[in-house]
1. Out of 228, 181, I need the residue that is without any contact (Cβ under 8 Å) to a residue 24 or more places away in the chain, more than 12 Å from ligand 1 (Cβ to nearest atom) and of a type outside the set (Phe, Trp, Tyr). Which one?
2. From 222, 201, which residue is of a type in the set (A, V, I, L, M), more than 12 Å from ligand 2 (Cβ to nearest atom) and touching a residue at least 24 places away in the same chain (Cβ under 8 Å)?
3. Given (1) open to solvent by less than 30 Å² (accessible area, probe 1.4 Å); (2) within 15 Å of ligand 2 (Cβ to nearest atom); (3) modelled with pLDDT under 90; (4) under 30 Å from residue 106 (Cα atoms), where does residue 206 come up short, assuming only one miss?
4. Test of understanding: among 145, 191, 199, which residue is touching a helix residue (DSSP H, G or I) at 6+ places or on another chain (Cβ under 6 Å) and of a type in the set (Asp, Glu)?
Amino acid sequence: LAALRHLQRQRSERRRAEELLRLGQVGRLNTLGELAAGVAHELNQPLTAVLASTQAAQRLLSDDPPEIATARGAMSQAAEQARRAADVVGRLRRVVERPDSAGQQQAVDLVDVVRRALYLLEPESQRCGITPRLEGPQRLHVQADPVALDQIVHNLILNALQAMEQVDASQRQLVLTLGTQGDTAELSVADRGPGIAPDVLPRLFEPFFSTREGGLGLGLSLCESLAQGMGGSITAANAPEGGAVFRLRLPPGKATT
Ligand SMILES: Nc1ncnc2c1ncn2[C@@H]1O[C@H](COP(=O)(O)OP(=O)(O)O)[C@@H](O)[C@H]1O
Ligand SMILES: [Mg+2]
């Protein structure tokens with residue numbers, strides 16, 4: 001029996017890993033700390049080489065007589081290294097570039113999306129010591145690009161879990177509520193973390209704004225542009241009972257024939 005359970009657990013771990021791979025971009029975005037460290041490391045090397053080459057060229061040129069040919073060689077090395085640094089930046093830009101969501105929009109069940117995100121983030125929830133609560137209807141169709149929607153929901157939940165690391169374990173709670181407001185479908189992600197400081201609130205969706213150690217501050221800016229690309233929006237507020245609430249609003253799913 002124990003062996004069977006072990007096998008089942010292995011299988012579910014593998015499924016999770018496969019799903020995370022499928023969400024390649026989400027995975028990458030959520031290891032932005034690692035990405036940033038990698039980029040810093042990759043940039044440091046060519047920049048150091050540029051500095052060394054240009055300093056050498058300067059010395060060679062101030063020699064009497066100046067060693068023009070060698071200086072020229074050093075400068076072309078510097079140019080080569082600068083190009084490498086630019087490539088690193090170009091790669092970073094491609095990683096965070098938002099996929100074009102137009103044209104891939106379809107009716108997607110938001111309940112499914114939330115369940116899947118919660119499943120993928122189970123290890124993080126466990127580490128946080130909480131069981132997220134899901135409230136609302138059993139189905140709620142929105143008009144969306146499924147991959148973009150996965151990314152948004154994943155990021156909002158992960159942010160909530162990360163924010164709650166700052167508070168006492170006994171205080172932590174995560175409630176996801178689905179509903180409709182007029183003609184709009186809404187998902188709210190309410191945590192019982194520290195909430196959002198007044199000076200942070202207006203900057204939340206700015207690219208590269210982060211208060212998190214190792215954070216790159218691209219999650220929410222990406223989520224916002226993805227939501228807007230689908231005709232929706234994201235807002236953030238502090239809940240009267242404490243913690244932060246993020247609301248994702250999307251147009252209702254169009255019935256397909
Ligand atoms: N649930 C939350 N509670 C409190 N602050 C939050 C929450 N979600 C996001 N924030 C704030 O917004 C900032 C930007 O978030 P994000 O764009 O996801 O970047 P990152 O997670 O890399 O910091 C965070 O650094 C944090 O200050
Ligand atoms: Mg984040």
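1. One residue alone meets the criteria, 228.
2. Numbers: 222 fails: more than 12 Å from ligand 2 (Cβ to nearest atom).
One residue alone meets the criteria, 201.
3. (1)
4. Being touching a helix residue (DSSP H, G or I) at 6+ places or on another chain (Cβ under 6 Å) and of a type in the set (Asp, Glu) holds for just one of 145, 191, 199, which is 191.
For (1) within 16 Å of ligand 1 (Cβ to nearest atom); (2) of a type in the set (A, V, I, L, M, F, W, C); (3) not assigned by TED's automatic domain parsing to the domain that holds residue 239, each residue gets a yes or a no:
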site: 110; (1), (2), (3): no, yes, no
site: 113; (1), (2), (3): no, yes, no
site: 128; (1), (2), (3): yes, yes, no
site: 133; (1), (2), (3): yes, no, no
site: 138; (1), (2), (3): no, no, no
site: 147; (1), (2), (3): no, yes, no
site: 156; (1), (2), (3): yes, yes, no
site: 163; (1), (2), (3): yes, yes, no
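Results for (1) open to solvent by 90 Å² or more (accessible area, probe 1.4 Å); (2) modelled with pLDDT under 90; (3) within 16 Å of ligand 2 (Cβ to nearest atom), shown as yes or no for each residue.
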residue	(1), (2), (3)
24	no, yes, no
28	yes, yes, yes
43	no, yes, no
53	no, no, no
59	yes, no, no
67	no, no, no
70	no, no, no
74	no, no, no
79	no, no, no
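The values are calculated or read from the model by the stated rules, or taken from the named source; none is laboratory data. Remember, it's a predicted structure, so these values are computed and weren't measured experimentally. So basically every Cβ, Gly included, is an ideal-geometry build from the backbone, and we count neighbours across all protein chains shown. Side chains are part of the model used for accessible areas, which takes the heavy atoms of the whole protein and leaves out ligands, DNA and RNA. Shrake-Rupley method; radii C 1.70, N 1.55, O 1.52, S 1.80 Å.
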